[in-house]
Amino acid sequence: MREGTGRISLWRPELSSVTVSVLTAFYLLALTNWSFWSKGWRYLEGRPTTFASIAIGVACLYVALCVAVSLKYVMKPLFMALILASASGAWFMDRFGVIIDIEMIRNAAETNSAEAGHLITPGFVLHMLAYGLLPCLLLVWVKVRHRPFFGKVRGNLAVIAPALVLALVAGLSHARVYASAARAHHDWFETLNPFVPLVTAVQFAAGQSVDANVVAAPLGTDAKVADAPLGERKPRLMIVVAGETARADNFSLGGYGRDTNPELAKKDILYFPDTTSCGTATAVSLPCMFSVYTRSEYTHRKGLSTENLLDVLSHAGVDVEWWDNNTGDKEIAKRVKAQSLIKDGNPAYCAKGECRDQVLLDALDARIGSIDKDTVLVLHQIGSHGPAYYERYPEEYRRFTPECRSAEFSDCTKEEIVNAYDNTIAYTDHILASVIDRLEKQQDRLDVSMLYMSDHGESLGELGLYLHGAPYMIAPSEQTHVPFVLWLGKDAKAAYSASCLADETKAPQSHDNLFHSVLGMMRVQTNVRDPALDLLSPCRLGAIS
């Protein structure tokens with residue numbers, strides 16, 4: 001510090017804009033790109049020369065980019081933003097193995113504060129302080145020396161031009177190897193932090209502005225219930241339970257070694273063990289499940305621009321309601337009656353903006369006695385949503401112990417994480433069995449059924465991955481293999497061949513079947529229903545006419 005004019009000034013190192021740019025580029029590469037470097041070493045099969053070549057090439061590109069934007073009044077705020085974004089991205093990519101693609105960003109954008117709060121752990125805060133805030137403070141502290149404009153242009157080009165040439169030479173020197181590795185491992189360059197995630201974020205933002213003006217085109221306006229009128233038959237009640245983050249691998253109904261489905265195992269259900277999801281995150285899978293499009297046809301824009309299953313049921317005169325105990329309906333229920341059950345939930349199982357799934361049973365108890373016409377109720381679970389698995393079930397469902405009691409996986413062993421997750425599956429088993437119990441009591445006056453499908457699965461450490469949201473092309477089966485349960489009441493079951501239904505459980509199924517199967521079970525006749533995708537259609541005793 002110096003005294004002279006009555007003011008005390010703190011000594012600050014002075015560096016040229018090029019030096020600061022190069023140091024920032026190397027910081028981003030060296031300390032926030034562990035996922036990229038580790039994947040590269042593995043995918044290049046430990047070839048040191050090839051690895052060194054791509055390291056040089058990528059480093060030169062980073063240097064060229066940082067030097068190119070080293071404008072006075074711009075570089076410090078921009079570099080600070082890059083450092084913070086890079087530090088944040090590194091935490092989730094390195095810790096959970098996630099890929100920050102458009103669908104991952106969409107999922108994050110559509111989450112709520114309670115869900116986001118589980119990811120803002122003490123470990124994350126410390127990481128951001130060390131890898132984000134501290135280097136930003138150092139950047140603020142340093143005094144940057146800028147040349148006059150034309151001198152700056154010459155000086156910057158003297159760095160940028162050779163850096164780009166060297167990057168080109170490095171890239172061409174092993175181009176075939178890089179191209180082969182990138183084709184075989186699509187996740188490699190998607191982890192290049194922060195530039196690839198930032199470009200993806202810009203693409204997402206650009207798409208959002210277009211999505212905001214999309215109007216859903218009518219679908220199935222010819223729909224009608226092809227059955228005897230009410231009064232000559234019982235009203236039909238179907239409950240569709242949209243599960244959350246349940247993976248089929250941990251359902252004992254499908255052969256899992258632990259008894260995670262003791263209550264459903266006692267019910268007369270149909271379990272479809274070979275079922276695949278439309279996506280690996282709620283923002284994709286949920287609207288795809290209820291859309292007319294198959295997974296191969298579905299896009300986010302198509303989902304927004306076309307009415308869905310709930311609309312078609314409404315056109316047929318069926319009462320439709322969406323009850324949400326999660327992060328929202330993703331605009332599926334935009335044109336039908338929808339309610340969030342979290343706000344006014346019982347404090348015995350609701351806190352901090354989240355509720356356990358008992359809230360769905362309470363709502364069902366309050367509603368079921370007044371149903372007197374054909375009705376479909378959609379129950380959107382919070383299910384097994386992580387990382388705070390331990391908050392998804394009550395004390396009496398701590399069956400597998402010791403379990404992870406933290407949203408910070410580094411505090412727990414893999415066994416503890418799996419134990420907590422299995423407890424969530426056991427609690428979902430209880431919720432589904434309880435729904436069936438309530439439907440069974442209404443069979444004298446209602447024709448009842450229940451269909452349960454999870455939206456996607458979950459990784460629990462396999463291949464170093466946790467949670468979900470991996471790009472579908474490279475997603476492990478743990479994230480795409482989902483449980484599917486169907487229960488038919490006595491009247492509903494009488495409409496089908498029992499032996500045929502048993503055979504159907506042996507065939508592969510998917511989210512593609514939901515739209516058409518629900519229409520078939522509700523006896524809705526419409527040109528948009530595809531009997532080939534109605535998994536119960538081959539077993540129906542009599543056609544929908």
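The values are calculated or read from the model by the stated rules, or taken from the named source; none is laboratory data. Computed from a prediction, not measured in an experiment: that's the story for all the values here. FYI the Cβ positions are ideal-geometry reconstructions off the backbone, even for glycines, and counts take in every protein chain you see.
Structure values in brief
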| read-out | value |
| --- | --- |
| Count of residues meeting criterion [in a loop (DSSP other than H, G, I, E, B) and over 26 Å from the mean Cα position of the chain (by Cα)] in region 352-377 | 4 |
| Members of region 76-110 that are within 14 Å of the chain's Cα centre (by Cα) and either farther than 28 Å from TYR472 by Cβ or aromatic (Phe, Trp, Tyr) (or both) | PHE92, PHE96 |
| Test: residue in region 436-454 that is assigned by TED's automatic domain parsing to the domain that holds GLU232, touching a residue at least 60 places away in the same chain (Cβ under 8 Å), more than 30 Å from LEU126 (Cα to Cα) and under 17 Å from the mean Cα position of the chain (by Cα) | yes |
| Hits in region 111-149 (condition: loosely packed, with under 15 Cβ neighbours inside 10 Å, under 19 Å from the mean Cα position of the chain (by Cα) and closer than 21 Å to CYS412 by Cα) | ALA116, ILE120 |
| Identity of the residue in region 512-535, farther than 12 Å from LEU313 by Cα and hydrophobic (A, V, I, L, M, F, W, C), that ends up farthest from the chain's Cα centre (by Cα) | ALA532 |
| Qualifying position, being touching a Ser or Thr at 6+ places or on another chain (Cβ under 9 Å) and either polar (S, T, N, Q) or in a helix (DSSP H, G or I) (or both), among ASN326, ASN346 | ASN326 |
| Residue in region 418-426 that is touching a residue at least 24 places away in the same chain (Cβ under 8 Å) and closer than 30 Å to LYS490 by Cβ present | yes |
| Filter result for GLY117 (closer than 25 Å to PHE79 by Cβ, outside the structural domain of ASP411 (by TED's automatic domain parsing) and out of contact with any strand residue (DSSP E or B) (no Cβ under 6 Å at 6 or more places or on another chain)) | no |
| Residue within region 341-353 that is closer than 23 Å to SER517 by Cβ and in contact with a strand residue (DSSP E or B) (Cβ under 8 Å, 6 or more places away or on another chain) present | no |
| Single unsatisfied condition, GLY464 versus (1) farther than 21 Å from ALA242 by Cβ; (2) under 17 Å from the mean Cα position of the chain (by Cα); (3) of a type outside the set (A, V, I, L, M, F, W, C) | (2) |
| Output for region 294-323, where each listed residue is in contact with a strand residue (DSSP E or B) (Cβ under 9 Å, 6 or more places away or on another chain) and assigned to a loop (DSSP other than H, G, I, E, B) | THR294, ARG295, GLU307, ALA316, GLY317, VAL318 |
| Answer residue from region 230-279, given it is among the polar types (S, T, N, Q) and in a strand (DSSP E or B) and is surrounded by the fewest Cβ atoms within 10 Å (Cβ to Cβ) among those | THR276 |
| Test: residue in region 378-397 that is part of a loop (DSSP other than H, G, I, E, B) and either assigned by TED's automatic domain parsing to the domain that holds ASN107 or surrounded by fewer than 18 Cβ atoms within 10 Å (Cβ to Cβ) (or both) | yes |
| Meets criteria (closer than 30 Å to TYR393 by Cβ and either in contact with a strand residue (DSSP E or B) (Cβ under 9 Å, 6 or more places away or on another chain) or not assigned by TED's automatic domain parsing to the domain that holds LEU533 (or both)) for SER291 | no |
